[in-house]
Every structure is written in structure tokens, then in C-alpha cells.
Amino acid sequence: MPMEKTFTPAEAEARISALWEEQKVGRAGANKKPGRPAFSVMIPPPNVTGSLHMGHAFNNTLQDILIRWHRMQGDDTLWQVGTDHAGIATQMVVERQLAETQQPGRREMGREAFLAKVWEWKAQSGDTIITQLKRLGASCDWDREAFTMSGNFPDAVVKVFVDMYNKGLIYRGKRLVNWDPHFETAISDLEVENVEVAGHMWHFKYRLAGGETYEYVEKDDTGAVILREMRDYISIATTRPETMLGDGAVAVHPSDARYAPIVGKMVHLPLCDRLIPIITDDYPDPAFGSGAVKITGAHDFNDYAVAKRHNLPCYRLMDTRAQMRADGAPYEAAVARAREIAAGSATSESEVDALNLVPEKYRGLDRLEARARVVADITAAGLAVTVLVREIDEETGSEHLRLEPVVETKKIMQPFGDRSKVVIEPMLTDQWFVDTAKIVGPALEAVRSGATKIMPESGEKTYFHWLENIEPWCISRQLWWGHQIPVWYGPRIRDKTDDTLKVAGIGWSENRQFIENDLQPFCAPSVEEALKLAKAYYGFEVVEAASLFESVLKSATPNSGISIFRDPDVLDTWFSSGLWPIGTLGWPDQTPELKTYFPTSTLITGSDIIFFWVARMMMMQIAVLDQTLPLEKRVPFKTVYLHGLVRDAKGKKMSKSLGNVIDPLDIIDEFGADALRFANAAMATLGGTLKLDTGRIAGYRNFGTKLWNACRFAEMNGVWEGHQTQTTPPAATQTANLWIIGETAKTLTEVNEALATYRFDTAADALYKFVWGRVCDWYVEFAKPLFDGDHAAETRQTMAWVLDQCMILLHPIMPFITEELWSTTAQGGIARANLLVHQDWPSYGPDLINPQADAEMTWVTTLIDEVRSARAQVHVPVGLKVDIVATSLSDQARQAWTRNAALIHRLARIDSFTEGPVPKGAISLAAPGATFAIPLAGLIDIAEEKSRLSKVMDKLAKEIGGLQGRLNNPNFAASAPEEVIVEARTNLSLRQDEAAKITAALARLAEIA
RNA sequence: GGGCGGUUAGCUCAGCGGUAGAGCACUACGUUGACAUCGUAGUGGCCACUGGUUCGAUCCCAGUACCGCCCACCA
């Protein structure tokens, strides 16, 4: 059955995919050859909730190219596939689904039932993206598919947590963290997106206690006094008025002369029955605002630092949904206690946290609502800095003056949750942290020493910059879907003698925050282990309770019946993905896979997750693995290849709201996976953004068709009949055959070098130029006359070999069409021994390049180009064959002509060839060692020919001028390297030779005219 | 505010010391023994600007302008 005119991706890809999967072509170690190294790649695990987008398509294409290339070379390859449980994202999806289907919500059904729902969902929809990866042609080891919540992963995660806890690398503490009020969980710094939004700044007056006054003096830059007045207040500027209810002090810079008279004095906190001190700190900038800053330790990261320095109380004003607190004692009682504390009464962190200093009227309000009310109330109290506004009553026409609060409109950077898109609130809570400062050293050293190489180099700079300024990593999340923290708590022992044990009474608050000071943590890999630790701590058996609430009930009697309960929080998703390479290889067991494939070879990932994932994997795995191993054995990967984000053709980020999202599956449907993959490879330059243009993908689809048709041409000429796959090229005698064999060898070298240096674009470019520009444009054309001559057999063998090489070399980038051709072209003869995916990568070298054939074919192609160009320019119809006269011919040129006469005749459309004098009415051409004339008496336009030759002359003159200029410069001769000078001389003489011939031709034209 | 990158043909991008490249687009021609998802021939660039280094700079260095991206606590 003859080949179809084109390749049909839709039909063939499904069939080939199924075949690959059935034969498990991507299994670890497939096609491995003795003595070859291992090559392993960890897929950046997509979220189980995900579906394939262009970024995945790009990223996985590059991985597959490397994997296929190495597998064909006989390396022991592993491409580890799997998915990430993606805590927040997945919990969000399932909760949304519950809401849409009118099922009970998460809290209603309880933790256990909800988690069952998530697993159910995962079983149904969790493999969507895996299926989609197969459509792309990804040759992963599908049998090893991993999931960050399955298999040995939970054990690995728990082990790492416990080990790090025991080494003091993980700690718990009350800190100001980024709080997502939508998901009601802490998130890490990285999950916060700072966005510039329009904000407002208000100015309030905090009156001095006891009606005191001071002289306020404002000076300009030169020191001249511009304002001098008596004030009974200090002016405060804020963008967050609602947080003033929790102020602990007002801070000014110690050098700020304006406030020097009142430092140390107390001011009335507006709307509150509290006095707070004026303190000095380096933090306020005297040049900004009024120079005085209100310090709200529990609601601002800067203020928190100031509060810590000055031991100021941090009063929490909001609940987990970022609404003004409504819990705890009535305001009056709370504020009374706050006054005592301010006066020096002993207190604790937990007591301060429990105090709700929100006045009753604001309790339960949303933060924005509270803000409006606070501003209105302060203004009403006459404590807003105001301006006079003139107002005209439209009805009566009367004028009156009115005071209005000063509100500056101002761009402010506002933090948003990257998932929830709501405004993040700094919140004072107890959380678990990784003490990153303690594990960052080796991660930095690994890259500095070259044990891990990051490409492009700019990625290393980013990596260093972030790690050198690393902050503690908040790893606890108040979610349900994830790895639950392996820590149990019991009441802390207050006093213990031989016969009595007093433990702290446990209280809890509505927002589930433990009263940390009173808890004793037991960190262990299992509840049994935790109970053992607890037994050792208390001195008698304890039991596990399901929650803090139950634990309190069961602990009612101090000396017996003590229970411990597990921390309900889960770990940040990135904590477990930080263990992806070792986790998927079976760690902590010392599996054979771990031994073979770790450290992994190359990580290919988007530069957007260098901090989230790459840096954390580096830190954690180096810290967790056997510390006696050298650093090179502990790094998770030897090379990290970072790529940019895939954008649309105009460089815009793809987003649903912009409607410019290109779905890779649509592209595959329309153009085939190979075209998308080739486009991805061609776009993969180092650095920069990746603009995806469907026009370009169409072009690469055409490229596939081109190869397809070259093979079809071969088929029509019996090339495949009886063909057997050959690793070495046939012994050829014909220049064209020798030449294309050499070109193939050059291409192999280029592709190898390009892929070895991660230049996927260069590899794609080399293959494109070879297949289209050499094989199809020239060799197929050369073959046509050769098939008619005495060397048909040799040419058929050569073409078969060359096209086989095209399939092999293209296979890593275009696996489907090449696999299809590999079997299709074998139908007429002997079946291929292997699927192409397991065909051995060739290893021939430059010895296949025949310099003589190379030079000769260059001469032939140049001559053909010139004849075609000349013909086109004087409008000789393509259909018309012409005669050619060689008016001068060197021995070498004569030989080249003779040996390739059939090719030249055909491609240049020449009827007869003679040697002789220049005929009248002819166009002239010059080639190295030869001058030709094409007699066109009556056909040519003398003027046109003259202008054509003049154009050629102009170009030559320009080149000659440049070369002469350089050669005549004595400094050039003195300084330039020898080969450059020789090259310039050679070029000059060639150009001059050619110019002489053209000049002669021009002179003859003048005679005719 | 700090850091990183970019500026080359109409568009998307390679090249990064020795006479400017590709694909797409555009123009003209074309039923050539595979391919119109094609062929042949063309058009099109002070390689952002200003200095410097060099025999020689699109390429190296410094600065300027514009454009991107990342990080950051200015109330």
C-alpha cells in the first residue's frame, strides 16, 4: 500500500502512543547498554488539579527530548513522573465542587469525611494531566507514577520532619505571619503577591495626656523655620486606620528635633480609653509623613519588629477571617487589664493574645467596614487632621465653611494571596518554621562549587540573592488536605515532685489558637512513639485524644488521665515536593533506584518556581541525606535548566481573563504533537520569554510533511525495497552521495553538541536546515537523474540510509512522525529490528565527511544557483531549456562539471553544454575556475543584462573595497592572526577574479550595443 | 528602592570580535518524475543611542534612553 500524501497526526499519534505504552518503552533502563551512565530526570510534579497548559507542554517537551536522546544512546534512563497533592489548590477545588453540588461543606462533614471526598475526587480526576502528557508523546516510566501523598511519601515526609525537629532545624513559635483570611491559613512569604493598588492615607491627632502642650517647629532643608505653633497632639499618618485600636506606642526617630520635647510622654489613643507612650526608634523616617508612626505590633511587619525591640504588647484585633474580633471579655474589662499591663503588671504572651481591645461597636465588623467607621468616629471626635472647605448650598446660595479630614490618595503595595486573591493580613499566630538559616549554607555551596549547575547563569544570581537573604519558612498550614504535622501536645508540667504532678490548665480560644506556653510538644513519626515520649515526660501512661477540646476534658484530673492530641495543621505542599527526587526513588529506604538514579541528572523547570521548589529541594535534601556523604552525592540534581514563561504571540501572559490562552491540546489536534514539540524546541533559547506563535507551529507541521514526502518519493523510487537498517552508510562513489553522507555526519555532530549544552533551539535549527535545506532541496533533486543512471543502486542505498538518519536524529524532537515513518518505510522490505524509540543513536564522526565531494558539491550548487538567478533576472521562462558555453574552464572545474553534468543539466535546465568562445548575445556567469555564457540571441534584453551584471559588480566592488581596506592597513597585518589575514587575501583574490570576468562580460555587452 | 534581563529585516527570534542570519509576512514567476502543508527567484537592516577598548565592535567595557521580569516593610 503506497504511502498517503501526508501524515495524519490525529490517527497515528493515538495508535503510536498505545503501542509505546503497551511496550513500556519508557520504563527505567529501557534500551540501556553496558558501560553507559545513568540519566535521570524528575518531572516537576504537576498539581493533581491541573490540566495541561502551554508551560507544561514546553517543559515536558524538553525533558522528553533529553530522555529520548539519552535512551537512544543506551544510557540507563529514568524519567520519573507523578503529581503533587497541592494542598490549597486541591482543597479549594473540592470545596467548590461540594458547594456546586449542594453537598455539606467541609466543616459540616468534618475532617475525616472531607478527606475521603478529596481522595474520591483524586481517584476520578487526578490523572487528567497524566493522560494529557501522553498525548504530548512524553516517554515517562508510567509504572512508577508517584504522588506526594501516596506510597512511601508520607513516611519520608514524616521522617524528615522528625529528623529536622530533633536537630533543631524546625521550631514552633508565635510570629507575625502572612494570613489568608479566605482559606484561614498561614501562608509563606512566597505565596504572597504584592500588587500596587490605589490606597488612602489619613492623618490623625493623638492628644498628649493631661492636656500638655509643646512648641512644634518645622524647618525646611536650609534650616529656616517654616512653621512654629503650639500643639497638644502628635500627628500620625496611616493607611490602615482600623489597626490603630491595637496601637502600643507612637514612634519617632531619635534625631527628630520636632518631637524631642515630647519623647517619653503619653498620648491618648483615639476612640480607646488607653494611653500609649511616645518612643524613639530608628525605624521612622523623619522625612516621610509627619515623621511619627503608630506602632501596631500585631498587624504590621515593621511595627512588629519595633514592638519586639521595645517590649510593647501586640494586641491582636482580628479573627481568622480578618473581621474585628468579637471574642473574649467585654471591652471595658479588657481595656482595664491592658491599663494594668501598661502600668507594669506581670502578664504573658498568651494573656495579651487573649485580650480583645476592640471596642464593642466595632466588634464583628469586616476590616474595611471597621476602617470607615474608625475614620468617621475620629473625625467626629475632632481628632482628624482637617482642611477647611468652602461649600455652597445650591438651594439657598449661601456659603459656609466646613472641616474635612485630609485624605491623601496614594499608591500602596498591597499583599494578596496567590491562590485566594484576597488581601493578606499580617497575623500573630503560632506556626511551625524551618530555620532556613541553618540549612542554607550547603545549598549555596553546592552551586558555588559547581556540584549543581544552574542554567542560564543569571538563574544562579537569582538563586544566590534569595538564599543569601533567606527568611524563616513558615511550613504549617491550617488546612486539612496535606501531610498532618507529626507532633502531639499535652499539658506542660508546672511542678513535679515525687508524689505530685501539676500540669498547666489548658484553655482554648474560639479561633483554635493554642495557648502555646502551656503546651508540651511530642514530635514523633507515629502516635505510638509520641505516647512513649509523653509517658517518659509525665511518668505514667497517657492516651491520645482526638482534639484539643477532648484533650482538655480528659485532662481534667491533674495526676491521671492525661491525654495528648495531634497538631491538626498540615505541612506546606512545598515541604513535601521539596523531597520529590529522593521521595520518588524510595527514600528513606536505600533502594537500588536511589543508588542508580540519584543525584538526578537534569531538572527542567520554569524560572518562576526557583524559590518555591528548586532552592527548597536543594536545602532540604542536602540537609536530610547522610551527612557523611560528599556534597556532590547529596545534591538532588547536577544541572538545573530554567526556562521562562510561555506567553502569547504578542508576549502577553496567557490568562483566562485576557482570553488569549492557547490550549496545547487544541494545538495538538490541529497541527499534531510533533509540530508543537518542534516549535517548543526551537523556542528554547537560553533566557528571555517564550512567545508562542501558531504560525510557527504550522511551519513545523509543514516541516514534518516535507520529510514525509521525501520518504514517499523514496518509496516511489524503490528505495525501501529490501532495505535493512544500516548503522554505517553504503560505500558510495558519486559525489552527491558522498556529499550528503558527509552532511549527515555534520548534522549528527551539531545535534549532539547542541543537546549536550541544552541548546534545543540549535539542535532544532540544525535538523531543520539539514532535512529541508540539504536533503530535500538538493539531495532529492540530485537523486532524480542518478536514479536513471548507472549508479541507481548506490543512490537508493544512500538515500535509504540518509532518510533513516533523518528519522533517528529527529526522533527525540518529533517522535510520532518519525516512529510512523520508521515502520511505514520498512513495509516493503525487512521489518525493523526495533521501534525507533529504541533504535541506537548513531556514533559516526567527521570521517564520513569527504572534503573533495564537499568542495565539488559547493561548486555545483553555487553554479546552479547562479544560472537560476541569472535566468530569472532576464526572464527566461522556467520551462525553456538553454544551452551553456564554457568560455574558460580550469581542469578542476571541468572535472566537477563532467562528474555532475546530469545534475547540473537537470537543475539548471540546460539543454547542451559546449566549450568555446563567447557567443554573441549571451549572458555571462562566473564560477570559481570557470566562466560561462548562455547564448540567448533574441531572447535577452541587453539593458536588463547590463543592469544585472552591474548589480553583481556593485556587490563585488563593495566586498573588494572592504577587504582591500583591511589588507592595506599596516596595523591589520601587524596585529591580526595569520589565518584571518590569509582568509582575507584568498577572499580578495577570488572576488577580484570574479570581478574581472564580470567586467569582461560588461565590456562585451558594450560592444554589442 | 534593590536585583536581573532585553533593544538585530514589517513580525517572532538566532548570532555575540573578522564582509549581517532563519522562519513567518511581502513581491514576481511556476501543473518541473515527493511535497501547493510546495518550488524558483527576489524585496527588506546606520544590529536603540553616546562614548571607550581594539588593526577591526552588532558582539567587549562605561554611560543614556526606552521596554520587560523578579524581589522589597516606607507608616
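Take every DSSP beta bridge with both residues inside chain A and express the antiparallel ones as a percent of the total, to the nearest 5. Display every interim value, and only then the final one.
Values: 83 of 113 bridges.
Within chain A, antiparallel bridges account for around 75 percent of the total.
Would you order A:643, A:200 from fewest to most other beta-carbon atoms within 10 Å of each residue's own beta-carbon?
Lowest to highest Cβ neighbour count: A:200, A:643.
Measure nothing but the geometry: give the 0 to 90° angle between the long axis through the Cα atoms of A:673-683 and the longest principal axis through the Cα atoms of chain A, rounded to 10°.
80 degrees
So how do A:776, A:140 line up by other beta-carbon neighbours within 10 Å, fewest first?
Listing A:776, A:140 from fewest to most nearby Cβ atoms yields A:776, A:140.
With +1 on each Lys and Arg Cβ and -1 on each Asp and Glu Cβ, and nothing else charged, work out how big the dipole of the range A:702-856 is about its Cα centre, in Debye to the nearest 20.
260 debye
Let me check I've understood the local charge: for residue A:685, count other residues with C-beta under 15 angstrom from its C-beta, Lys and Arg +1, Asp and Glu -1. What total comes out?
Charge balance near residue A:685 sits at 0.
Specify the angular offset, from 0 to 90 degrees and rounded to the nearest 10, of the alpha carbon long axis of helix A:942-968 from the longest principal axis of the alpha carbons in chain A.
Tilt relative to chain A: about 60 degrees.
If you place +1 on the Cβ of every Lys and Arg and -1 on the Cβ of every Asp and Glu, how big does the dipole about the Cα centre of the range A:148-245 come out, in debye to the nearest 20?
About 460 debye.
Roughly how far apart, in whole Å, are the Cα centres of the range A:324-392 and the range A:680-733?
Comparing the Cα centres of the range A:324-392 and the range A:680-733, I get a distance of 73 Å.
Determine the shape class of the range A:294-340: with a ≥ b ≥ c the square roots of the Cα gyration tensor eigenvalues, call it rounded for a/c under 1.5, and otherwise prolate if a/b is greater than b/c, oblate otherwise.
Because a/c hits 1.5 or more and a/b fails to exceed b/c, the range A:294-340 counts as oblate.
Given a cut-off of 25 Å, name the pairs among A:159/A:535; A:167/A:453; A:784/A:920 whose C-alpha atoms lie farther apart than that in the structure shown.
A:167/A:453; A:784/A:920
When the Karplus curve 6.51 cos²θ - 1.76 cosθ + 1.60 is applied with θ = phi - 60°, which whole-Hz ³J(HN,Hα) does each residue of the range A:276-289 get, with x for Gly and Pro?
Karplus values, whole Hz, x for Gly and Pro: 10, x, 9, 10, 10, 7, 6, 5, x, 9, x, 7, 9, x.
Residue by residue through the range A:639-648, what is 3J(HN,Hα) from phi via Karplus (6.51 cos²θ - 1.76 cosθ + 1.60, θ = phi - 60°)? Round to whole Hz and write x for glycine and proline.
Here the 3J(HN,Hα) series is 10, 10, 10, 9, 10, x, 7, 7, 10, 7 Hz.
Whole Å is fine, so just give me how far the alpha carbon centre of the range A:873-919 lies from that of the range A:65-143.
Centre-to-centre distance over Cα atoms comes out at 66 Å.
Among residues other than residue A:882 whose Cβ falls under 10 Å from its Cβ, what is the net charge (Lys/Arg +1, Asp/Glu -1)?
+1
How far is the Cα center of the range A:282-308 from the Cα center of the range A:2-32, in Å?
64 Å
For the range A:860-932, run through the chymotrypsin sites (Phe, Trp or Tyr not before Pro) and keep only the ones in DSSP coil with at most 14 other Cβ atoms within 10 Å of their Cβ. All intermediate terms of the calculation are to be shown ahead of the outcome.
Numbers: sites: A:897, A:913, A:932; in loops: none.
Here no chymotrypsin sites (Phe, Trp or Tyr not before Pro) fit, given the DSSP loop and packing criteria.
How would you rank A:626, A:366, A:221, going from fewest to most other Cβ atoms within 10 Å of each one's own Cβ? The partial results should precede the final answer.
Numbers: A:626 8, A:366 15, A:221 5.
In increasing order of surrounding Cβ atoms, one gets A:221, A:626, A:366.
In debye, nearest 20: dipole of chain A around its Cα centre with unit charges on the Cβ of K, R (+) and D, E (-)?
Once rounded to the nearest 20, the dipole reads 1100 debye.
Which residue, chosen from A:491, A:270, A:115, occupies the Cα position most advanced towards the positive end of the dipole of chain A, where the dipole is computed from +1 (Lys, Arg) and -1 (Asp, Glu) charges on Cβ about the Cα centre?
A:115
Summing +1 for each Lys or Arg and -1 for each Asp or Glu, what net charge is found among the other residues whose Cβ lies under 14 Å from the Cβ of residue A:439?
-1
Along the charge dipole of the range A:139-229, Cβ charges K/R +1 and D/E -1, which of A:204, A:162, A:147 sits furthest on the positive end?
A:162
From the residues A:582, A:937, A:813, which one has its Cα farthest along the dipole of chain A in the positive direction, the dipole being from +1 and -1 charges on Cβ of Lys/Arg and Asp/Glu about the Cα centre?
Of the listed residues, the answer is A:937.
Each reported figure results from applying straightforward, stated rules to the coordinates on display, with no laboratory input. This structure is a prediction, so every number in the text was calculated from the model and none was measured. Because the Cβ atoms are built from the backbone with ideal geometry, glycine has one as well, and the counts that use them run over all protein chains shown.
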